[in-house]
Amino acid sequence: MFLAKVVGTVVATQKDPKLAGLKLLLVQNLSLDMKLTSSFVVAADAVGAGKDEVVVCATGSSARLTEMTEGLPVDAVIMAIADTLEVAGSIVYQKGSN
Amino acid sequence: MNLATVIGSLWATQKHHSFTGMKFCVLQPLDQNRQPFGKPLIAVDPDNNVGRGETVFYVEGGDAAEIWENHSMPSDATIVGIVDSLSTDKKGES
């Protein structure tokens, strides 16, 4: 999985009919020092994430293993919202503190 | 499967219900000489028994989602073992 920040919402009226009602978010990858990198992905939301939240995304066929994305043409899903991230003994992210 | 060192942890209270009771680890993949190789990633620790600094091996991709029968989870990287020792022809290490 990779760490990402929700930077936007994707609205599409013309899409695969199976995707109707699915919440799609634009997420930008984060490095472990919480800096935004240059890569983006459109991900389905399975946990109710909102803008600016730090989330964890799974990709590939695993992304289709939530109730919301089962059998859908989806290859990226937000499956967790980060509360705290600790790397090498120091807290690099704490939800609500920045 | 790949080798990695556990370099951190991630806590998430809001997560897909299939991850209940599990924690997430930050992994740095390793090469055969146990040197850092490639970018760090986040993996599920399904048994909750992995600590920082340990060398583990993990599965990636669709296989990571179904490590147990009748329990699938939206994970593309899952820790499946903790390395006790590792030796190669080049040099033995423990």
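What follows draws every value from the coordinates through simple rules; no lab data is involved. Just so we're clear, the structure is a prediction, and the values are computed from it rather than from any experiment. Glycine also receives a Cβ, built like all others from the backbone with ideal geometry; neighbour counts cover every protein chain displayed.
Take each peptide in A:78-86, A:35-43, count the other Cβ atoms within 10 Å of every residue, and average; sorted highest first, the result is A:78-86, A:35-43. Each part gets one Cα centre, and for segment A:7-37 versus segment B:69-91 those centres are 30 Å apart.
Against the empirical curve 2.2 N^0.38 Å, the C-alpha radius of gyration of the protein assembly as shown lands at a ratio of 1.04.
How well do other chains shield peptide B:74-86, expressed as the mean number of their Cβ atoms within 10 Å of each residue Cβ? Average neighbour count from other chains, rounded to a whole number: 4. For segment A:2-94, the convex hull spanned by the alpha carbon atoms encloses 97 Å³ per residue. Evaluated over the protein assembly as shown, the count of Lys pairs having alpha-carbon atoms less than 22 Å apart is 19 (only pairs 8 or more residues apart or interchain).
For segment A:19-64, the Cα gyration tensor yields ellipsoid semi-axes of 20, 12, 10 Å (square root of five times each eigenvalue, largest first, whole Å).
Inter-chain Cβ neighbour count for A:63-71, averaged per residue, equals 4 (cutoff 10 Å, partner chain atoms only). Where both bridge residues fall in segment A:2-94, DSSP classifies roughly 95% of the beta bridges as antiparallel.
May I have the convex hull volume per residue, in Å³, for the Cα set of chain B?
So the per-residue Cα hull volume is 99 Å³.
Here the protein assembly as shown is treated with +1 on each Lys and Arg Cβ and -1 on each Asp and Glu Cβ, and its dipole about the Cα centre works out to around 600 debye.
Taking every residue in A:85-91 and counting other chain Cβ atoms within 10 Å of its Cβ, the average works out to 5.
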